[in-house]
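Working notes for the structure below.
Where a number appears in this text, it was derived from the coordinates with a stated rule and is not lab data. Not measured: the values here are computed from a predicted model. Backbone-built Cβ (ideal geometry, glycine too); neighbour counts: all protein chains shown.
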Amino acid sequence: MHVFVVDRRGREHRLEAESGWRVMEVIRDWGIGIRAECGGACACATCHVYVDENWAARLPAPEADELDRLDEAPGVGPLSRLSCQILTSDALDGLRVTLAPGSEVEREPAESEAA
Ligand code: FES
């Protein structure tokens, strides 16, 4: 399966993924630069993403602790989820998410990425 991820610069990445992984892990392991400071323990909200509106209703509803963490995150909206709480599966093949403010590692773009 694969996941589409839009980074904070608006670039879309198509990431291959195994089923059963956390979306946060897929983003991190492909080097997109997600902060995810607690490593997926639902304790930091720095893996906050906006789920594409066509996909939002197809995800399992968030648990109470995910909602509690989202309450503390900046820029939360109706499509907000924590990407460490979304498990990849064949049913989510093609899922599209956008990194939310505060979730992307700040870094200088590589020379090859400079405009
Ligand atoms: S990685 Fe910390 S809440 Fe998701």
Point to revise | Test for residue 69: is it out of contact with any Ser or Thr (no Cβ under 8 Å at 6 or more places or on another chain) and buried (at least 16 other Cβ atoms within 10 Å of the Cβ) | key: yes
Review point. Based on what the data block shows, is residue 96 surrounded by 20 or more Cβ atoms within 10 Å (Cβ to Cβ) and either assigned to a helix (DSSP H, G or I) or touching an Asp or Glu at 6+ places or on another chain (Cβ under 9 Å) (or both)?
Key: no
Check your understanding: Does residue 38 satisfy the condition of being at positive phi and more than 11 Å from the chain's Cα centre (by Cα)?
Key -> no
Check your understanding: Among the residues of segment 71-82, is any in contact with a Gly (Cβ under 6 Å, 6 or more places away or on another chain), assigned to a loop (DSSP other than H, G, I, E, B) and over 15 Å from residue 3 (Cβ atoms)?
Key -> yes
Check your understanding: Going through segment 58-95 one residue at a time, which ones are touching a Phe, Trp or Tyr at 6+ places or on another chain (Cβ under 8 Å), more than 14 Å from the ligand (Cβ to nearest atom) and under 17 Å from residue 21 (Cβ atoms)?
Key -> 88, 92, 94, 95
Check your understanding: Restricted to segment 56-70, and to residues that are in contact with a helix residue (DSSP H, G or I) (Cβ under 8 Å, 6 or more places away or on another chain) and part of a loop (DSSP other than H, G, I, E, B), which residue is farthest from residue 96 (Cα to Cα)?
Key -> 63
Check your understanding: Of all strands (runs of 3 or more DSSP E) completely enclosed by segment 1-55, which ones contain at least 1 residues that are farther than 24 Å from residue 78 by Cβ and either near the ligand (Cβ under 10 Å from one of its atoms) or out of contact with any Phe, Trp or Tyr (no Cβ under 9 Å at 6 or more places or on another chain) (or both)?
Key -> 2-6
